[in-house]
Each structure stands twice: as structure tokens, then as C-alpha cells.
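**Student:** Let me give you the structure first, and then I'll get to my questions.
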Amino acid sequence: MDPILLAVPRYGVTVTARFLRTRLKDQALAPITAVRIGRDPLWLALASGLGLAMFGFQFGDLLYPGERAALMMIGVLLLAGGYAVASLHLGTPHVERTMLWADIWTIRKVRDALAEARATGERPAGGVMEMEDEAKEG
């Protein structure tokens with residue numbers, strides 16, 4: 001059994017020296033060549049916030065003060081939500097896949113744990129996943 005480098009029960013994420021396990025996906029760390037944090041919600045929030053600001057600037061004289069305040073509040077909430085959400089992408093030689101969507105702080109912790117796991121170098125050669133059979137050990 002590998003020592004656990006990071007466990008985030010809220011998202012069901014566990015990082016060991018050889019594997020990244022989530023609720024629905026397991027990934028061996030041996031074939032991973034790149035780890036990237038995606039910020040797609042941030043760009044969508046910026047575009048939406050800019051659209052709301054332009055709408056408010058253009059039609060502000062036709063809006064009631066409460067409507068202008070609501071537009072500003074929606075824009076601020078969009079920006080805060082877009083900043084807080086990120087995705088973790090793992091790249092292998094042939095494909096890059098999204099492993100996790102979570103808040104940016106959790107994603108950074110998982111990325112740091114992956115870097116620590118890769119630095120230990122305790123991965124099997126060739127990216128072969130080794131499955132342990134507990135029935136044979138006894």
C-alpha cells in the first residue's frame with residue numbers, strides 16, 4: 001500500500017506515490033507528462049461580466065437603480081465564481097484528459113501533491129498499473 005500524500009474527502013481525491021484516484025477515475029502517475037490547471041470558467045466569467053458592464057453602460061439611463069445594482073451584483077458573483085473554479089488536466093503522450101473540477105485551492109493542492117509524487121520517482125517503469133491482490137498475500 002502506497003503512503004497517501006494528499007486526501008481530499010470532499011471531492012473523493014487521493015494522491016499516492018503511484019496513483020491519482022478520484023471518485024470516478026483512477027490514473028497511474030507513470031505515463032503523465034504534463035499537469036495543467038485549466039481556468040475556463042474564469043474566461044467565461046470575464047466575458048459575461050464585460051457583457052453586463054457594457055449593457056449597463058449603454059442602457060444605464062433606462063434602468064432603475066435596483067436593476068443597475070442587480071447587474072453589478074450578478075457581475076461580481078460571476079467573477080468570484082469564475083475565479084474560484086478550476087479544472088485539473090493530466091497529459092499523457094497521446095491524450096490530455098480532465099481529471100477533476102473543483103475550487104482553485106484544492107486543484108493547487110492536488111497539483112503540488114502530484115509534483116511531490118513524481119519527484120519521489122517510485123513509479124513502475126512503462127506506466128504499467130500494478131494491482132495488488134489481497135487474497136494471495138495471506
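Nothing in this text is a laboratory measurement; each read-out follows from the coordinates by a stated rule. What you are looking at is a predicted structure, and each value in this text was computed from that prediction instead of being measured. No Cβ is skipped: glycine too gets one built from the backbone with ideal geometry, and neighbour counts run over all protein chains shown.
**Student:** For helix 65-84, report the angle its Cα long axis makes with the longest principal axis of the Cα atoms of the chain; keep it between 0 and 90° and round to the nearest 10°.
**Tutor:** Result, in degrees: 20.
**Student:** For every helix of n ≥ 4 consecutive DSSP H residues, a contribution of -39,500 (n - 2.57) applies; sum these over the chain, divide by its total residues, and give [θ] at 222 nm rounded to the nearest 500 deg cm²/dmol. The partial results should precede the final answer.
**Tutor:** Values: 4 runs with 61 residues, N = 138.
Calculated at 222 nm, the ellipticity per residue is -14500 deg cm²/dmol.
**Student:** Subtracting the Cα-Cα distance from 0.36 nm times the residue separation, let me have the gained length for Leu79 to Leu24 in nm, one decimal.
**Tutor:** 16.9 nm
**Student:** Quick one: if the Förster radius is 41 Å, what FRET efficiency do Phe55 and Thr92 give, using the C-beta to C-beta distance and rounding to 0.05?
**Tutor:** 0.45
**Student:** Along its principal axes, what span do the Cα atoms of region 46-89 show, with the longest given first and each in whole Å?
**Tutor:** 44, 16, 7
**Student:** Springs between alpha-carbon pairs under 10 angstrom, Gaussian network model over the chain: which of Ala17, Ala86, Ala102 fluctuates most?
**Tutor:** Ala102
**Student:** Related question: For semi-axes √(5λ) of the Cα gyration tensor in Å, the choices are (i) 90, 10, 8; (ii) 22, 18, 15; (iii) 44, 14, 10; which was calculated from the structure?
**Tutor:** (iii)
**Student:** Mean-square fluctuation check for the chain, GNM, Cα pairs under 10 Å: which of Arg68, Arg21, Arg39 is largest?
**Tutor:** Arg68
**Student:** Name the residue, out of Glu96, Glu116, Glu67, whose mean-square fluctuation peaks in a Gaussian network model built on the chain with Cα pairs under 10 Å.
**Tutor:** Checking each option, the largest mean-square fluctuation is seen for Glu67.
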